[in-house]
Amino acid sequence: MPSRAETRGFLELVARTAVVLLLAAALWRVVQARRAEATPSVQVRLTGAERAATRDSLAALARSGVTVPWSGEIPALAAMAEGVREPAPATRVSVVADGAVVLGDSLGTIDSLAAGSGSLVVAGVRGALRAGAGSAMARVDPAKHVAPGRVLVLGRAGWESKFVIAALEEAGWSVDAELAVVDTLTVRQGAGARGGPRLGTHAAVVVLDSAPRAAAAIARFVAAGGGLVLGGEGAANGAHRALAPARTVRAVRPLSRAFDGVGPMDALPLHALEALRADALVLERREGRIAAAARRVGAGRVVQAGYGDTWRWRMEGGADAAAAHRAHWSRLVGSVAHVAVPPDVVTSPGTPRGTSADASAEGAPLAATVHALGAASPVATARTPTGPPLPGWLGALILALLLAEWASRRTRGLA
Amino acid sequence: MGRLMPDFTFATAQYDSGDWDSAPLVPANVIDSVARYTAIDVAPTGVIVPLGSRDLFKYPLVYLTGHLPVRFSDVERTRLGEYCARGGMLFVDDHNHDVDGQFHKTAWEAIAGAVGPLQDLPNDHALYRSFFRFPDGPPTTSHELNGWGDNLVHKHLQAVLRGDRISVLYSSKDYSSEWNYHPDNKRFFSVDNTRFGVNIVVYALTS
């Protein structure tokens, strides 16, 4: 057991060590304070309405050594614009926001969207599109519209082929067609209707029957970037099974015969898609059965849509049936159509092709701000220590420890 | 599952005025030719569809003929206009073969009121090569060559076009008489005179 003298000696050593450590801490605070005084700082408050140039300036400032803490409640908002891949020039605007969004362009307000996510197809956009949610403003530059190539329709002589061609042409597509009347006779429409689809000529091919026509050419076309729509009986075409999203189909009768019910698609026969491939995406269901699905194959895209006799929808449906039928087929083809991006659409690494670099930079104000400046500070303060380098309580503590250590040594008779 | 409906059903228009059923053997004869020459899935019998009925929309090609004056009711006129706007095609044949006859005069007026004015169809139109080739335009009929009716050989058919597609095809050539016989009797002809009927059907199904 240590003697009292040894215990006091140990406590004196502890007190001396503590004093040294406290002095070192005080010295560190002094150095930090000096360093902070030497580093410039800009505290900013942002609303989300700042232009990209302003945000980029602050980011440049931060990268040059200036501390740029920022504060402000920027609403979560993201907007994206893309040229619709259909012949009629239009822009599809997709928006995600916490609150209601107001869309506009350089001419004024276009429309508004409720909170959440939504998209809108807008024709005749002038200048940049603006999406405002609260104080935040997203600005997107619509990608330059590029009219896709021609569409090749393959099928047999019948109402479905006739009205699909009519719908596509009314929607603005240029259509070539090969329609079989007998084994030895095919009715052809358009200069490019011979020898299957070609990427330089066609953007997409629509197969409407089960004949194994031009299967090899279609496979090459899709692999190289062309689009394929397998519609109606074409959805069950075994010659394109390797490309189709579904490995098998099952014929299902219409749920009703009349078009005066709730959904016009219920009155159509369906080739329900089954045994979907792992990379296939379900686009539409009818009573739990898969009615349409899509997948990528090589550089191209394939849509399999099982509804048959859609011409009956156009002819027998309600007042807007012809327009709805036209839009349905134009959308199907537009979803797969190959569009060559022209070289004058500026892209940068990490930017999706077809959108300008500026559009991606301003499309999401909050994300862009966090990316440029880091997360917001709860209160805009410098991150360096503040106040005097040696607080009073620290000085008092050091003095008390030194006095105690000195007194202890003196009472023990030591110098 | 087989198809719910054949690809093509021959439909004859029934209208309120006139003798719409004046050529009852034409449907069977055209159906026979379509089945004989093409692989089109054709219904073995034709149907009769009231022009003012919504059932009209089930048949995108409809045949209309008669001898007597044609007066479309308001419902028939509206229905026919909508039918053509949606892409239906009406084939009208003057069973009188007489441009001075009552059918011709009233049918032109009724069609103009419901769909639009008729105009001459060029003889190089796709209709004349949609299946069989008719380089000189519409084939003549024995009624024209024999000098019956208006004693004219009509050089053109007439049509109402929507874009470059035919909405209404009008004939003064009296194919209704020319084709109004039992299909079994085709064996007595050196050339089947209903071949142009096949062109009309194939054109309607493909254009």
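Looking at A:185, A:154 in this structure, which one is farther than 19 Å from residue B:37 by Cβ and either in contact (Cβ under 8 Å) with a residue 40 or more places away in the chain or out of contact with any strand residue (DSSP E or B) (no Cβ under 9 Å at 6 or more places or on another chain) (or both)?
Details: A:185 fails: farther than 19 Å from residue B:37 by Cβ.
One residue alone meets the criteria, A:154.
Does residue B:66 satisfy the criteria of being touching a helix residue (DSSP H, G or I) at 6+ places or on another chain (Cβ under 7 Å), within 13 Å of another protein chain (Cβ to nearest Cβ), of a type in the set (Gly, Ala, Ser) and crowded, with 16+ Cβ neighbours inside 10 Å?
Here the answer is no, as residue B:66 does not meet what is asked.
Since residue A:151 meets every condition but one in (1) part of a strand (DSSP E or B); (2) within 14 Å of chain B (Cβ to nearest Cβ); (3) in contact with a Phe, Trp or Tyr (Cβ under 6 Å, 6 or more places away or on another chain), which condition does it not meet?
The failed condition is (2).
In region A:156-207, which residues are within 12 Å of another protein chain (Cβ to nearest Cβ), under 34 Å from the mean Cα position of the chain (by Cα) and not in a strand (DSSP E or B)?
Result: A:164, A:165, A:166, A:167, A:169, A:170.
Provide a single number: the residues in region A:282-295 that are farther than 18 Å from residue A:328 by Cα and modelled with pLDDT of 95 or more.
Of all residues in region A:282-295, those farther than 18 Å from residue A:328 by Cα come to A:287-289, A:295.
In the following step, the residues that additionally are modelled with pLDDT of 95 or more were identified as A:289, A:295.
Result for region A:282-295: 2.
Any idea which residue in region A:180-190 is modelled with the highest pLDDT, counting only those that are crowded, with 18+ Cβ neighbours inside 10 Å and farther than 13 Å from residue B:207 by Cβ?
Per the stated criteria, the residue is A:180.
Can you name the number of the only condition in (1) within 17 Å of residue A:167 (Cβ to Cβ); (2) touching a strand residue (DSSP E or B) at 6+ places or on another chain (Cβ under 8 Å) that residue A:274 fails?
Here residue A:274 clears every test but (1).
For residue B:6, all conditions in the list (1) at pLDDT 95 or above; (2) part of a loop (DSSP other than H, G, I, E, B) hold save one; what is the number of the exception?
Unmet condition: (1).
Got a sec? Which of A:193, A:128, A:136, A:143 is surrounded by fewer than 19 Cβ atoms within 10 Å (Cβ to Cβ), modelled with pLDDT under 85 and not charged (D, E, K, R)? So that I can check it myself, show each step before the final result.
Numbers: A:193 fails: surrounded by fewer than 19 Cβ atoms within 10 Å (Cβ to Cβ); A:136 fails: surrounded by fewer than 19 Cβ atoms within 10 Å (Cβ to Cβ); A:143 fails: surrounded by fewer than 19 Cβ atoms within 10 Å (Cβ to Cβ).
After applying the criteria, what remains is A:128.
Can you pull out the residues in region A:261-278 that are farther than 18 Å from residue A:234 by Cβ and either modelled with pLDDT of 95 or more or of a type outside the set (D, E, K, R) (or both)?
Of all residues in region A:261-278, those farther than 18 Å from residue A:234 by Cβ come to A:261-264, A:266-267, A:278.
Result: A:261, A:262, A:263, A:264, A:267, A:278.
So which residues in region A:257-276 are of a type outside the set (A, V, I, L, M) and surrounded by fewer than 14 Cβ atoms within 10 Å (Cβ to Cβ), if there are any at all? Before you say what the answer is, go through the steps one by one.
Filtering region A:257-276 down to residues of a type outside the set (A, V, I, L, M) leaves A:257, A:259-261, A:263-264, A:266, A:269, A:271, A:274.
Result: A:257, A:260, A:261, A:263, A:274.
Collect the residues in region A:250-265 that are within 14 Å of another protein chain (Cβ to nearest Cβ) and part of a helix (DSSP H, G or I), keeping them in residue-number order. Spell out the reasoning first.
Of all residues in region A:250-265, those within 14 Å of another protein chain (Cβ to nearest Cβ) come to A:250-260, A:264.
The answer is A:264, and nothing else.
State which residue is modelled with the lowest pLDDT when the search covers only region A:50-89 and only residues that are part of a loop (DSSP other than H, G, I, E, B), of a type in the set (Gly, Ala, Ser) and in contact with a Ser or Thr (Cβ under 9 Å, 6 or more places away or on another chain). Break it down into steps so the answer makes sense when it comes.
Narrowing region A:50-89 to residues part of a loop (DSSP other than H, G, I, E, B): A:50-51, A:64-66, A:68-69, A:72-76, A:84-89.
With of a type in the set (Gly, Ala, Ser) added as a condition, the list becomes A:64-65, A:72, A:76, A:88.
Narrowing the set further to residues that are in contact with a Ser or Thr (Cβ under 9 Å, 6 or more places away or on another chain) leaves A:65, A:72, A:88.
Values: A:65: 82, A:72: 85, A:88: 70.
Within region A:50-89, the match that is modelled with the lowest pLDDT is A:88.
Identify, by number, the condition in (1) closer than 30 Å to residue A:158 by Cβ; (2) of a type in the set (Lys, Arg); (3) in a helix (DSSP H, G or I) that residue B:133 doesn't meet.
It is condition (3) that residue B:133 fails.
Name the one entry in A:203, A:223, A:217 that is crowded, with 21+ Cβ neighbours inside 10 Å and out of contact with any Ser or Thr (no Cβ under 9 Å at 6 or more places or on another chain). Talk me through it step by step, then tell me what you get.
On the way: A:223 fails: crowded, with 21+ Cβ neighbours inside 10 Å; A:217 fails: crowded, with 21+ Cβ neighbours inside 10 Å.
Result of the check over A:203, A:223, A:217: A:203.
May I ask you to verify whether residue A:96 is among the aliphatic types (A, V, I, L, M), buried (at least 18 other Cβ atoms within 10 Å of the Cβ) and farther than 30 Å from residue A:173 by Cβ? Break it down stepwise before answering.
Details: among the aliphatic types (A, V, I, L, M): yes; buried (at least 18 other Cβ atoms within 10 Å of the Cβ): yes; farther than 30 Å from residue A:173 by Cβ: yes.
Here the answer is yes, as residue A:96 does meet what is asked.
Considering only region A:307-325, how many residues are buried (at least 22 other Cβ atoms within 10 Å of the Cβ), in a helix (DSSP H, G or I) and at the interface with chain B (Cβ under 10 Å from one of its Cβ atoms)?
Matching residues across region A:307-325 total 5.
Name the residue, out of B:18, B:52, that is on the phi > 0 side of the Ramachandran plot, away from every other protein chain (no Cβ under 14 Å) and assigned to a loop (DSSP other than H, G, I, E, B).
Values: B:52 fails: on the phi > 0 side of the Ramachandran plot.
The match here is B:18.
Within the bounds of region A:224-242, is there any residue that is modelled with pLDDT of 95 or more, part of a helix (DSSP H, G or I) and at the interface with chain B (Cβ under 10 Å from one of its Cβ atoms)?
no
Go through B:143, B:104 for me and flag whichever is more than 14 Å from chain A (Cβ to nearest Cβ), in contact (Cβ under 8 Å) with a residue 60 or more places away in the chain and part of a helix (DSSP H, G or I).
Details: B:143 fails: in contact (Cβ under 8 Å) with a residue 60 or more places away in the chain.
Among B:143, B:104, only B:104 is more than 14 Å from chain A (Cβ to nearest Cβ), in contact (Cβ under 8 Å) with a residue 60 or more places away in the chain and part of a helix (DSSP H, G or I).
Residue A:247 fails exactly one of the following numbered conditions: (1) more than 14 Å from chain B (Cβ to nearest Cβ); (2) in a helix (DSSP H, G or I); (3) among the charged types (D, E, K, R); (4) touching a strand residue (DSSP E or B) at 6+ places or on another chain (Cβ under 8 Å). What is the number of that condition?
All conditions pass for residue A:247, except number (2).
Looking at region B:79-101, can you tell me whether even one residue there is without any contact (Cβ under 8 Å) to a residue 60 or more places away in the chain, more than 12 Å from every other protein chain (Cβ to nearest Cβ) and either assigned to a strand (DSSP E or B) or of a type in the set (S, T, N, Q) (or both)?
Taking every residue of region B:79-101 in turn, none turns out to be without any contact (Cβ under 8 Å) to a residue 60 or more places away in the chain, more than 12 Å from every other protein chain (Cβ to nearest Cβ) and either assigned to a strand (DSSP E or B) or of a type in the set (S, T, N, Q) (or both).
Of the residues that make up region A:347-358, is at least one charged (D, E, K, R), modelled with pLDDT of 85 or more and not in a loop (DSSP other than H, G, I, E, B)? First the steps, then the outcome.
Our first condition is that a residue be charged (D, E, K, R); within region A:347-358, this holds for A:353, A:358.
Okay, now just the ones that are also modelled with pLDDT of 85 or more, so none.
Checked region A:347-358: no residue is charged (D, E, K, R), modelled with pLDDT of 85 or more and not in a loop (DSSP other than H, G, I, E, B).
Can you find, within region B:160-179, the residue that is nearest to the other protein chains (Cβ to nearest Cβ) among those that are under 9 Å from the mean Cα position of the chain (by Cα) and among the small types (Gly, Ala, Ser)? Even if it seems obvious, please write down each step before you answer.
Looking only at region B:160-179, we keep the residues that are under 9 Å from the mean Cα position of the chain (by Cα), and these are B:168-171, B:175-176.
Narrowing the set further to residues that are among the small types (Gly, Ala, Ser) leaves B:171, B:176.
Working: B:171: 21, B:176: 24 Å.
That would be B:171.
Report, by residue number, each residue of region A:286-306 that is more than 14 Å from chain B (Cβ to nearest Cβ) and farther than 22 Å from residue A:227 by Cα.
Matches in region A:286-306: A:286, A:287, A:288.
Contact list please: Cβ distance under 9 Å, first residue in region A:280-304 and assigned by TED's automatic domain parsing to the domain that holds residue A:266 and in a strand (DSSP E or B), second residue surrounded by fewer than 23 Cβ atoms within 10 Å (Cβ to Cβ) and among the polar types (S, T, N, Q), pairs at least six apart or on different chains.
A:283/A:335; A:294/A:335; A:301/A:335; A:303/A:335
The values are calculated or read from the model by the stated rules, or taken from the named source; none is laboratory data. Remember, predicted model here, so these are calculated numbers, not experimental data. In this analysis, Cβ positions are derived from the backbone assuming ideal geometry, glycine residues included, and neighbour counts consider all displayed protein chains.
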